[in-house]
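First up is the structure itself, then whatever we jot down about it.
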Amino acid sequence: MKKLSVLVTFFIILSCSSTPAPSWQANAHIQMENYIETFMSGKENFAETHYERFYENLLLTADPDIIIKAPLTKCAIEFSIFIESNCESAAELIPMTKDDENRNYFRFITSSRKLDTMTGKYRRVVESVSKCDVERTNRAISRVEEGVSTLIAASYAVRHNCYNEDTLLKALSVASENGWIKASGAYLEKLESYYVSSGQSSKADEVRKRIELISK
Amino acid sequence: MLRAKIEQVGGWAIEKWDFFKDFSIFVARFFRVLFSKDTKKGVILDVMVMQIYFTAVQLLAFFLMISVIIGTVFIGVVLSTVKNLGLSEFLGDIIVVLVALEMGPLITVLLIALRSSSAINTEIAVMRVNGEIDSLISYGIDEMSYLYIPRVISVTLCVLVMSTLFSIIALLSGFIFSFTIFDISAAAYSELIANSITLRDVGVLGIKSVLMGFFISIIPIFYGTRTKRQFNMIPVSVLKGMMSVFSAIIIVEALLLALKLI
Amino acid sequence: MKGDIKFKVGLFLVLSFAMIIFSAIFVMVVKDVFTEHYYYNLSSDSGDGLTVGMSVQFSGFQVGRVERIELTEDGIVMIRLKIPSRHSKWFRKNSKFTLEKPFIGSPRITVTTPNMQDEPLSEDETIEIKTIDDINEVIKKAQPILERFDSVAQNIEVMTDKESKLNKAIENAEKIMEDMAKSDGLLEMLTGDRQSAQALITTLRALPELVDEAKNTISDLKVVIAEAKEQVFGEEGTVPSVNALLSDVDLKFKELDKLIENLIEISDDLKGGTKDIDVLRKEIDEAVSSASSLIKDIRNNLPFEQKKEIKLP
């Protein structure tokens, strides 16, 4: 039996090979990561080029459901640091898409009203924000993995006015850990105005100093 | 029309079944007589010596030559293929499986079947047509112990001994080739082969040889005893007998392979 | 006549049996059936890849076999090695045992003994076995490095892209230099063509910054390559049977190294403005395109898994 298996492997070895992922996918993935990284680190010049390459690579598939991932990503990244945009380029593509995930995601980052439900990793966040349970929202945000997604979740809570100091501090620590100076700046500003509006002037001063430090 | 066809199939099946039944009865009788105390060992021994002489000794020179040639050529081919594929690690296993377990018994049994099975079939058929077997029986001599048993035992023994010899000689001559062409030392070669041989391999070789030896002798004897009493039926009997011998070899080979896979 | 036949048959049988018995004894001697054996015990967390009868090797030579594998009550796999006495000298107190699962070929247990003068290994002792899973190990180690590698390389490509800021800056600088080269170019600028003056200032300001950025990325790539080399080819990572596969990759790494040195040199020159800009740009283009083709080569040489779905953040 053992010897037979030896003979069998003999031939199997000769006939095995594996197929790598298509190059558009590998390239798009790298460009997307580079885009997020450079954008968050405040290197907009490079971010733009990376985004263009990301988009070009997705365009190769000619599939609207895949192509839309580029504008959606861009829009979500901007959304995560409170840059208001109406996601025009994604909106143009939305009627052509078939995938509900893309549509839901689009609504998630553009809708001015609170959503009732959402699929995927933001489900808990959306649900707790819809009832505006801040504690639960904060817990839901901490459970979202990956830095960018945490920021997106936090930004969603902030936009729908269902947040507190902890929400902002959590997002700030994620941004700072990753070295995303641009995101850190955005959340510091939010934090400052939060302290000002809640009358904690000494804390607001501290935050202002931090803002000044990084804007030098 | 259709009925005739079905009848044909039925007739064929009945004929085969009868044949198989008769053959089984014959084999059963063979073993009964073989293990009974009345069988005279002295007579058996004399006939056996003659049969071994015809089956093995006369064939020996040619047989040895064949095993040397096949050993060198075949192992050479295997060596270079395996080396090219970078599977030198399995060299020993591949040589042992192919040469000792597969080619050894097969070539031996084919050679002996060609020479002795056909001879035995003709001999028994002629005796049957001439009425010699009947006269033996009428004198009260048991034809099974006097004619058949010694032939079956000696052919089986010869196949067993000679396929082992074939394996040993082929592996030995394979060494000459690997030494001259691939520069493999005697120690390395013997270690390679010895480490690949297991007790199981030896067992499989033994069982295979005994089974094949038994069938290539008892089948032609059986066909010989069933020859119709006409001289022109002798070649028909030999022809059918040899076809069955060949099928038996293939069946034994396939059964043992299936057994190994389970 | 009859006696003659009997003699021949007898001779045949005697000689054949003698030969068979002799061969059997020979095989048994080679297989160490008659020699005394030593038994050593190893332990492992997993029985994966272990088989009874698998070879135990010292310096590439088989010195014994695995006799038994057992799963103990507490979930540890016990391996019993059967070693003929003449090979027992290789087994010392400080001996290390590794289970190697090579890319091609059957797995084996390898013994290494750093100090032959050490006490002999006792049969009562149980030593833990280490596992080396050649190609998988290498892939596991090299995958993240290659990923970073790729991303840095893409960065370089972006920077040196025709449309990139760096290139634009270089282009602008080129134009301005051209203008200056014309006899009245300098004068024209000095006499107050504000647009040109502004362009010159921004370009000159932007250039060192951009070049610095490029340099950073390039030296980043250098770090990644050094890391990759250390992990894949360093002492820890050396796996003999994949070395052939990797030596080609190593060569490529070396070439890349040289290219990057060049790039750094080029960007230094660019900053100092000591070289003709047009020539410089061509050099950068060339270096980058060969770098990226080299990286592609390296990728093709290593069988990495590259399934990367594009997922929304």
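The values are calculated or read from the model by the stated rules, or taken from the named source; none is laboratory data. Note that the coordinates shown come from a computational prediction; the quantities given were computed from them, not determined experimentally. Ideal geometry is used to build each Cβ from the backbone, glycine not excepted, and the neighbour counts take in all protein chains shown. For the accessible areas, the whole protein counts, side chains as well, though only heavy atoms, and no ligand, DNA or RNA atoms are used. Shrake-Rupley method; radii C 1.70, N 1.55, O 1.52, S 1.80 Å.
Of the strands (runs of 3 or more DSSP E) lying entirely inside segment C:26-84, the ones with 3 or more residues being open to solvent by 70 Å² or more (accessible area, probe 1.4 Å) are found at C:61-71.
So, of the residues in segment A:61-73 that are at the interface with chain C (Cβ under 10 Å from one of its Cβ atoms) and either open to solvent by less than 10 Å² (accessible area, probe 1.4 Å) or under 13 Å from A:ILE36 (Cβ atoms) (or both), which turns out to be farthest from the chain's Cα centre (by Cα)? My answer is A:ILE68.
Pull up segment A:21-39, narrow it to residues that are open to solvent by 50 Å² or more (accessible area, probe 1.4 Å), assigned to a helix (DSSP H, G or I) and not aromatic (Phe, Trp, Tyr), then point me to the one that is farthest from C:LEU312 (Cα to Cα).
Within segment A:21-39, the first condition is being open to solvent by 50 Å² or more (accessible area, probe 1.4 Å), and the residues that meet it are A:22-24, A:27, A:33, A:37.
In the following step, the residues that additionally are assigned to a helix (DSSP H, G or I) were identified as A:23-24, A:27, A:33, A:37.
Next cut, not aromatic (Phe, Trp, Tyr) only: A:23, A:27, A:33, A:37.
Numbers: A:SER23: 19, A:ASN27: 16, A:GLU33: 11, A:GLU37: 15 Å.
Out of the qualifying residues, it is A:SER23.
For segment C:52-93, residues that are within 12 Å of chain B (Cβ to nearest Cβ) and over 29 Å from B:TYR189 (Cβ atoms) total 0. Restricting C:LYS140, C:LYS101, C:LYS130 to those that are modelled with pLDDT under 85 and touching a Gly at 6+ places or on another chain (Cβ under 8 Å) reduces the list to C:LYS101. Scoring A:LEU191 on the criteria (1) open to solvent by less than 20 Å² (accessible area, probe 1.4 Å); (2) not in a helix (DSSP H, G or I) leaves a single failure, condition (2). Can you find a residue that is part of a loop (DSSP other than H, G, I, E, B), open to solvent by 30 Å² or more (accessible area, probe 1.4 Å) and closer than 24 Å to A:LYS182 by Cα anywhere in segment A:85-104? Yes, segment A:85-104 has at least one match. Of all the residues in segment C:94-109, those that are more than 14 Å from chain B (Cβ to nearest Cβ) and buried (at least 16 other Cβ atoms within 10 Å of the Cβ) number 4. Here segment B:165-186 is the region considered, the condition is being modelled with pLDDT under 85 and of a type in the set (Phe, Trp, Tyr), and the residue that is nearest to B:VAL96 (Cα to Cα) is B:PHE175.
Of the residues making up segment C:110-132, just one is open to solvent by 20 Å² or more (accessible area, probe 1.4 Å), without any contact (Cβ under 8 Å) to a residue 60 or more places away in the chain and hydrophobic (A, V, I, L, M, F, W, C), namely C:MET116. Among all residue pairs at least 6 apart or on different chains, which show Cβ distances below 9 Å where the first residue, located in segment B:62-81, is in the same structural domain as B:THR108 (by TED's automatic domain parsing) and the second is among the β-branched types (Val, Ile, Thr) and not in a helix (DSSP H, G or I)? What qualifies is B:LEU79/B:ILE184.
Being open to solvent by 10 Å² or more (accessible area, probe 1.4 Å) and touching a residue at least 60 places away in the same chain (Cβ under 8 Å), is that true of even one residue in segment A:40-60? Checked against the condition, which is being open to solvent by 10 Å² or more (accessible area, probe 1.4 Å) and touching a residue at least 60 places away in the same chain (Cβ under 8 Å), segment A:40-60 yields at least one hit.
Going by the structure shown, is B:LEU211 more than 29 Å from B:LYS16 (Cα to Cα), open to solvent by 20 Å² or more (accessible area, probe 1.4 Å) and touching a helix residue (DSSP H, G or I) at 6+ places or on another chain (Cβ under 9 Å)?
Numbers: more than 29 Å from B:LYS16 (Cα to Cα): no; open to solvent by 20 Å² or more (accessible area, probe 1.4 Å): yes; touching a helix residue (DSSP H, G or I) at 6+ places or on another chain (Cβ under 9 Å): yes.
No; evaluated as a whole, the condition is false for this residue.
Let's see how each residue does on (1) acidic (Asp, Glu); (2) surrounded by 16 or more Cβ atoms within 10 Å (Cβ to Cβ):
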position	(1), (2)
A:SER128	no, yes
A:ASN138	no, yes
A:ASN161	no, no
A:GLU165	yes, no
A:GLY185	no, yes
A:SER197	no, no
A:SER201	no, no
